[in-house]
Amino acid sequence: MKREIVRNIVNKNESLRQKLFYEGFIFTDKKVDENAYPFYGMWKNYYYKDYTLLVSPRQRFYVKEAESAAMIMIGHAYNPFSMEHREEVMLDNLLQEYIKNDGSFYDELNRLTGVFSLLIIEKDGVHIIGDATCMQTTFYGCIDNMIAISSHTNLIGDIFSLEWDPFVKELVNYKFFHLFGNSLPGDITQFSQIKRVVPNYEYVISNNSISYKRFYYPVYHNITVEDIVKSTADLMCRNMSLIHKKWDKPAISLTGGCDSKTTLACTKDVFDKYTYFSYISSESEKVDADAAHIICDELGLEHTIYNISESDEDFSMMEEAKTILEWNTGDIVPYKRSEVRKRRFFDDISDFDVEIKSWASEIGRAYYSKRFSNRKNFGKNPTPRKCSTLYKVFLHNRKLLKKVDAIFEDYLNKFFSQPEQNAVPWQEQFFWEFRMSSWNGIVITGEHRYSFDITIPYNNRKILELLLSASIDDRISDKVYSELRQALYPKIDGTGIAITNLKHTSLRAKLENLYYILNKLL
C-alpha cells in the first residue's frame, strides 16, 4: 500500500521526484527501465559488462577502469595525509594499490575521510566497501540469482517487489521501538533478502553467494593525551582545509555543544571560507542556537539563525514530503512533523551547498558509559543480551527480546571480532560498527541529505582510532576535545558556553543503568 502511495506522489509531483532516494544509487545485473519509476530518465548511468549502475542526479560518482578490474566511488572523499581532494586522483591511487594485491590498498583506503561507497568489479565478483562508519549506508543481496546493491533498502524493494519480513513487522510495532532511533538489530533490514554493509568489512558477491572479510580493526594506541591531541588536531585542521576546496559554499551548523565547538576550533585557519548557522524549529533548539550565536559573536564570525515555523500551513506538500522522507529511511518509524518542516524549510535555502556535521566524533566520547551513569565496566566480551540492552528498551515483551537476542547472536558470530593485541573496549567497537551505521548512517543518507550534501570530517579511521586511544576517564570527561579546543582556539571555551544534551539527565542515566543491570541478568 505505502509503495503505491509513494509511486502516485512522485508520478504527480515532478518536484518531489528528485527527493525520492535523494543522492542514492543502485547497482544491479537486473534489467531495469530507466525511464520508469523511480528513475524517470533523470538518473545518471554507468554500464560495465552485465552490470548497470544508476545514480541519482545530485549524487557524485567516479569510475576508474583497468584491464583486470573496474573501481567505482559513489559519494565524496578527501585525504588529509596527502592533502588530495580530487576523487579521480584518489580513485586512481586506490585502483593501482588494489591491483598490486600486497595489502597497501587498505592502508590507502584507511587514510580517506568522506561519505562514500566503493564498488570493485573483477573476475571473482563484485566487492563492496563502505566509508569508515558507513555514513553512506549500503545494502546488498542476491534476489532470484540477481545482484542488488543500493544506498536505500526501499529502492531495492521497489525494483524487486520485496515484502517485509514478519519479524521486523513485529519489532517496529513494539510499544517502545521508537526509543533510540529507527535502526534494526544486527545487520538485518525489513527485507529478509537484503542486509546492511557493516563498517570495516569487505564483501564479495559472486555466483549468487556472498562472503565477507574484516580488513580493519579499531585499535588502541598506547600514547599520551598530548600526542592524541596533536595528531588529531593536525588531521582535523587538514580536513577542514580540504572541505572548502571541494564545495563552493560550505557551512557549519553550530550549537554550544562539545562536538560543534571542537569542529569550529579545527576551522581556525580557514574561518573566512565557511558560513555558520543554527536553526530553531522548536523551543528546545533555541538554547543551542543562542549559544552558537554568542560564540560566533565573540569570535567575530557572522552567524545566521534560521527560524523555522512550527505550523504545517507554512509549507507546501507536507504530507507528501513526510511520506518521501519515511520511504527514504526504510519506512521503519513515522517521521516527526518538526523534522519534515525542517527539511522543507531548507529546500528553499541556497546559502550553502554542504553542511559539516560532527556525528562520527561521538565514537570517541564514551557514549554508552555516559548513557549508563558513567559505567566503565561492560565486561570483557559482548553477549547477545548485552547488545540487545544497548540497542533498545524491552520492559515487558520478553519473547520479542529473545528474538532480538538471536539476531545479535548471529551478528556477533559473523562480524564481531577484535585483534589479540590493543583492542578497544568491545562496547566502543560495537558503537562504531553497529550503532553509527544502523542509525546515524540511515539518518544521514535518507533524511539529512534531502536538502543538501553532508560531510563529516571525523569520518576517518585514523582519526577515530586516535580518539579511542584515550583512557575511559578521559573519554567520559571529553578531555581530548577540551584540550583540542585549548590547543587550537582557546577563545571558544573562553566564552564560557557549554551546552549539554538536555535529554541525558543524571536521573535518566541512573534508571538506564539499573535497566542494564537487570536486563542482562533476567
Report summary line: Of those in the stretch 56-91 that are among the β-branched types (V, I, T) and surrounded by fewer than 21 Cβ atoms within 10 Å (Cβ to Cβ), the residue farthest from F39 (Cα to Cα) is V89
Report summary line: Picking from E320, E326, E355, the residue that is touching a strand residue (DSSP E or B) at 6+ places or on another chain (Cβ under 8 Å) and either modelled with pLDDT of 95 or more or of a type in the set (F, W, Y) (or both) would be E355
Query raised in the report: Right, K195: under 18 Å from L299 (Cα atoms) and not hydroxyl-bearing (S, T, Y) or not?
Result: no
Query raised in the report: Where in the stretch 453-502 are there helices (runs of 4 or more DSSP H), lying wholly inside it, with at least 3 residues that are over 18 Å from the mean Cα position of the chain (by Cα)?
Result: 472-476, 479-488, 491-494
Report summary line: Filter the stretch 251-293 for residues that are of a type in the set (A, V, I, L, M, F, W, C) and touching a Ser or Thr at 6+ places or on another chain (Cβ under 6 Å); the one that is farthest from I492 (Cα to Cα) is A251
**Report entry** Every residue from the stretch 271-305 that is among the basic types (K, R) and either open to solvent by less than 40 Å² (accessible area, probe 1.4 Å) or over 15 Å from I499 (Cα atoms) (or both)
**Finding:** K273
Query raised in the report: Hey, any hits in the stretch 8-26 for a residue that's within 27 Å of W247 (Cβ to Cβ), open to solvent by less than 30 Å² (accessible area, probe 1.4 Å), modelled with pLDDT of 95 or more and not in a loop (DSSP other than H, G, I, E, B)?
Result: yes
Query raised in the report: Which strands (runs of 3 or more DSSP E) sit wholly inside the stretch 153-270 and have at least 1 residues that are at pLDDT 95 or above, among the small types (G, A, S) and surrounded by fewer than 16 Cβ atoms within 10 Å (Cβ to Cβ)?
Result: 209-214
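The values are calculated or read from the model by the stated rules, or taken from the named source; none is laboratory data. Because the structure is predicted, anything quoted here is derived from the model rather than measured. Cβ: placed from backbone, ideal geometry, glycine included. Neighbour counts: every protein chain shown. Please note that ligands, DNA and RNA were not included when accessible areas were found on the heavy atoms of the full protein model with its side chains. Shrake-Rupley method; radii C 1.70, N 1.55, O 1.52, S 1.80 Å.
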